[in-house]
């Protein structure tokens, strides 16, 4: 009788572990998708902010956009025009920086940074570095790991992806639409 009970418990435990593994994989995929959507939203907001609206031409597009072709990215990460532009200087494309753009998200994010921004941005309350480390790294993370996360969070604040709302408390930065 007890063998049958333990066998049944083992089977249920195995099924529960498989379910947890599947759900964790699904959560990871959903978090990656959410991070990609957040980055897309920020990029679109930045692009819309950089390009002033132009008068439409007879074809429906703007006169400025009909002269230019989208920029393509070279291997070193600098943008180069696909066609020549008489107003553009040679060399890597430089963006004008003023006080409004300093707080806007800048730079590319690593996979871990995207996950950090997603976790902090989707939280319903400000998170501490330990709150971020637990779901992303390990529940029993050592103090050094928490301090590395604090440093990472501060860099993301400097880049404009997060805001620090108190000592050691972080929230996602809002993107103006």
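The values are calculated or read from the model by the stated rules, or taken from the named source; none is laboratory data. Predicted model only: the values in this text are computed from it and were never measured. Glycine gets a Cβ as well: all are built from the backbone with ideal geometry, and neighbour counts include every protein chain shown.
Quick rundown of the values:
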read-out	value
Count of residues meeting criterion [surrounded by 10 or more Cβ atoms within 10 Å (Cβ to Cβ) and modelled with pLDDT under 85] in region 1-29	2
Residue 133, sole failed condition from (1) touching a strand residue (DSSP E or B) at 6+ places or on another chain (Cβ under 9 Å); (2) surrounded by 19 or more Cβ atoms within 10 Å (Cβ to Cβ)	(1)
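Per-residue answers, yes or no, for (1) in a helix (DSSP H, G or I); (2) in contact (Cβ under 8 Å) with a residue 24 or more places away in the chain; (3) over 19 Å from residue 36 (Cβ atoms):
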site: 118; (1), (2), (3): yes, yes, no
site: 145; (1), (2), (3): yes, no, yes
site: 153; (1), (2), (3): yes, yes, yes
site: 163; (1), (2), (3): no, no, yes
